[in-house]
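The values are calculated or read from the model by the stated rules, or taken from the named source; none is laboratory data. Note that the coordinates shown come from a computational prediction; the quantities given were computed from them, not determined experimentally. A quick note on method: Cβ atoms are made from the backbone with ideal geometry, for glycine too, and the neighbour counts reach across all protein chains shown. The accessibility values were calculated without ligands, DNA or RNA, using every heavy atom of the protein model including side chains. Shrake-Rupley method; radii C 1.70, N 1.55, O 1.52, S 1.80 Å.
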Amino acid sequence: ELIGPLAQVALDDDRECRRVALHLLRRYQHEPIYRGALGELRKCASDIARPLPIRRRAISALTQLRDEESAALFVDLLADSDRGIGTASRVGLRVLTAHDFGFSREPWLRWLSDRGHEIRIQWLIEGLGDGRANIRLLASRELWRLTRLLQPLSETATRTEFSTAQRHYQRWWAKNHEV
């Protein structure tokens, strides 16, 4: 019964209320109705009739809840007439995918076509090999948050250290998630 109201509070004007609501919502991620609440947040983010601040907060909520199903929506929203919506969507895509193709929809659409069917952990493992340190760091931190397998690498870690971590995660994934 709390999931719907918490999703609404996740759009509140007050930042602290949003933070608490999102924290509590995460606790219900295994409940069947949770997916429906994410769907409502996606509708809110894409509804051009909604006020821009509400749409931005919906994108932020989906990003903070790590809703990988929002990736395609975020790609669409990159072209939104409001720059804040486009920027929030780009941030969301970086967090969800550990990739960054900028504001251009075409490379994101190609990437989704090639990789969209994969599980988010696979996206993050691939992100460990990115040429940009900030993306590699993001991937490392997200993988730690999800798996607790390898401590996240530091900002001073070398590209070789990220490649080593990537190989370790690839072996782990292959061993534990054979199809």
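If the chain linking Asp82 and Val95 were pulled fully straight, counting 0.36 nm for each residue of separation and taking away their Cα-Cα distance, it would gain 2.6 nm. Comparing Val20, Val75, Val91 in a Gaussian network model of the chain (Cα springs below 10 Å), the most mobile by mean-square fluctuation is Val20. When the helices of the chain are scored as -39500 (n - 2.57) per DSSP H run of n ≥ 4 and the total is divided over every residue, the value at 222 nm lands at -21000 deg cm²/dmol. Rolling a 1.4 Å probe over the heavy atoms of the protein chains gives the chain an accessible area of 56 Å² per residue. Label separation (Arg66 vs Glu155): 2.3 nm, computed from points 7 Å beyond Cα along the C-beta direction. Computed over protein heavy atoms with a 1.4 Å probe, the carbon and sulfur contribution to the accessible area of the chain reaches 52%. Peptides 79-89, 118-128, ordered by how many other C-beta atoms sit within 10 Å of their residues on average, highest first, read 118-128, 79-89. The C-alpha atoms of the chain define a longest principal axis, and helix 105-115 lies at about 60 degrees to it.
The magnitude of the dipole of region 91-132, with charges of +1 and -1 set on the Cβ of Lys/Arg and Asp/Glu and taken from the Cα centre, is near 100 debye.
Cα centroids of region 108-143 and region 154-179: 12 Å apart. For the chain, modelled as a GNM whose springs connect Cα atoms under 10 angstrom apart, the maximal fluctuation among Asp14, Asp100, Asp130 occurs at Asp14.
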